[in-house]
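Nothing in this text is a laboratory measurement; each read-out follows from the coordinates by a stated rule. Note that the coordinates shown come from a computational prediction; the quantities given were computed from them, not determined experimentally.
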């Protein structure tokens, strides 16, 4: 019998003792890729796969495709928190924004 992917990710995450570690382990083992959760080959491998992630994201969020202009943010600063598939950062980059990665971490006390 195939193990439920959610419980498998949870079981792995629970081997870590801090909250951030559990969160990291969960998403490393069950990343958000818009592919069926129970598939083994969930990570995008090439341009076609990344295009499929973009299509899935925009199809599931039609208001973004219809009403949100990523190019309007070309000259603005943005903070990427780093959750999800990352397709939003890609769409901002296609709109002319050059995202910069921050190495700082948000602490609970911040």
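If you stretched the chain out fully between residue 39 and residue 66, how much longer would it get, using 0.36 nm times the residue separation minus the C-alpha to C-alpha distance?
Extending this stretch completely gives an extra 6.7 nm.
Go ahead and estimate [θ] at 222 nm for the chain from helices alone: -39,500 (n - 2.57) per DSSP H run with n ≥ 4, summed, over the residue count, rounded to 500.
-12500 deg cm²/dmol
Can you give the translational diffusion coefficient of the chain in µm²/s, computed by Stokes-Einstein from the Kirkwood radius over Cα pairs at 20 °C and 1.002 mPa s?
Reported coefficient: 132 µm²/s.
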